[in-house]
Each structure stands twice: as structure tokens, then as C-alpha cells.
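Report on the structure given below.
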Amino acid sequence: MVRKKIVITSIFAGLIVCLAAIFRPVPAASPENTLKSRGTVETVFETGENDLVFKLKGDDRIYYLNQGLENGPTLAELREDLSGQAIEIYYVKYWTPIDPLSKLKHIAKVDVNQTTLYSEIE
């Protein structure tokens, strides 16, 4: 009976640890935990609730910006201004089991022509 309780408790604890690893939040952006990607904007589109997604030519990663349309330009303005433009995206260095190949990147900063359009780097 005691052995059964230990096994059940161990399984439950293991499940909690796995769920915590899978659904952990993206860490706060800082200069130490960001990487830079340069490219030409292929497309900009909206997903979910005001979230922005950037796709760069020749890059199979997807860069997303949470709530990117809440306090800035409209999607139409961004498409017009950024399509075909060279851009620098700084993204948080982060891994999760939900995205094991690290194709989805959280944007921490966006620079166009040495002008910062967005930054959450502390």
C-alpha cells in the first residue's frame, strides 16, 4: 500500500515538473539573453489578439511580437512601410518542448535603418 502511494506521488510530481517545463513563460529580454537576426521583410501579418508576426526572406523562423498592434501603427501601415525593407530583429534566446526546433522567436527589439521601432530590452 505504501509503495503504491509512493509510485502515484512520484508520477504526479513528474507530471507537474514536465508541465512546468513545457509552459514556462518567455524570460524578460535583456542584452545578455537576446540574439540578432538580419533580413528582408517578406511579410507581416496578425495572429490572435493584436499579435504581429514577421517573416523574413530566406529564413524559416517565425518572429512574433505579443500585442504588437495595441500601441503602434496599424497592420496596413506596417506592411506598407516594412515590406521589402532590411530589418534587424533581436529575439529572446529561449527553448521550450512545445517548439523543439526553435522556429518561433519572441521579438525583443526591431530596428529598421538604425531606428528602433520597438524595444522591450531592459
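The values are calculated or read from the model by the stated rules, or taken from the named source; none is laboratory data. On a predicted model such as this, the values are computed, not experimentally measured, just so you know. Cβ: placed from backbone, ideal geometry, glycine included. Neighbour counts: every protein chain shown.
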Matching residues in region 39-86 - criterion: being under 12 Å from the mean Cα position of the chain (by Cα) and either farther than 14 Å from I107 by Cα or not hydroxyl-bearing (S, T, Y) (or both): D51, L52, V53, F54, R61, I62, L65, N66, Q67, G68
Those residues that are in contact with a Lys or Arg (Cβ under 8 Å, 6 or more places away or on another chain) and either more than 20 Å from V26 (Cβ to Cβ) or at pLDDT below 85 (or both), I need them from region 95-115; list them, please. T96, S102
When you scan region 25-37, do you find a residue that is closer than 15 Å to Y90 by Cβ, in a helix (DSSP H, G or I) and in contact (Cβ under 8 Å) with a residue 40 or more places away in the chain, even just one? yes
Matching option when the condition is exposed (fewer than 11 other Cβ atoms within 10 Å of the Cβ) and in contact (Cβ under 8 Å) with a residue 40 or more places away in the chain, among I22, I89, I11: I22
